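Just below is one structure, and these are the notes that go with it.
The values are calculated or read from the model by the stated rules, or taken from the named source; none is laboratory data. The shown structure was predicted, so the numbers you read here are calculated from the model rather than taken from an experiment. FYI the Cβ positions are ideal-geometry reconstructions off the backbone, even for glycines, and counts take in every protein chain you see. These area figures cover heavy atoms from the full protein model, side chains too; ligands, DNA and RNA do not enter into them. Shrake-Rupley method; radii C 1.70, N 1.55, O 1.52, S 1.80 Å.
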Amino acid sequence: MTVPRGFDRERTNIHKLQYHFIWCPKYRKSVLEGDVRDRLEALIEEKAAELGLERLELAIRSDHVHLFITGDSTLAPNKIVQQVKGYSSRHLRDEFDVGLPSLWTRSYFVSSAGNVSIEVIEEYIDAQAGE
């Protein structure tokens, strides 16, 4: 089977998973500035590399984070954000006085992104039925 351009092939699957995450510090406190912001960016890069993910875009504002990342088919989106938030919180609270008992709220936003239309999926399914 040929792999469509832009998709990743694993031993047992072909995929293209992209997620847009947004999350905030507790009480939406503006603590993501200066050295904290720079360190957070490095920590997100480290965790993404460890998980085998690729960061597509990252925007860190003083009171929230936007992360657009490629996903791995073996990692659920909730596990990705859980890993990134836990790792970054642990390190940032050890290295900086952010004045919060825990850095992040438990909440987050996630949306998937893709470039396959419903029509393309229907065509593919119809083509497979003819095999």
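For segment 1-64, chymotrypsin sites (Phe, Trp or Tyr not before Pro) meeting the loop criterion (DSSP other than H, G, I, E, B) and having at most 15 other Cβ atoms within 10 Å: 7. The angle between the Cα long axis of helix 77-95 and the longest principal axis of the Cα atoms of the chain comes to about 20 degrees, rounded to the nearest 10. In this structure the chain gives 64 Å² per residue of accessible area when probed at 1.4 Å with all protein chains present.
GNM, the chain, Cα, under 10 Å: largest mean-square fluctuation among 105, 70, 12? Result for the chain, Cα springs under 10 Å: 12 fluctuates most. Lysine pair count for the chain (Cα-Cα distance under 20 Å; residues 8 or more apart in sequence or on different chains): 7.
Put a dot 7 Å past the Cα of residue 126, heading toward its Cβ, do the same for residue 68, and the two dots end up 3.2 nm apart. Note on residue 107/residue 13: beta-carbon distance plugged into 1/(1 + (r/R0)^6) with R0 of 25 Å gives a FRET efficiency of 0.25.
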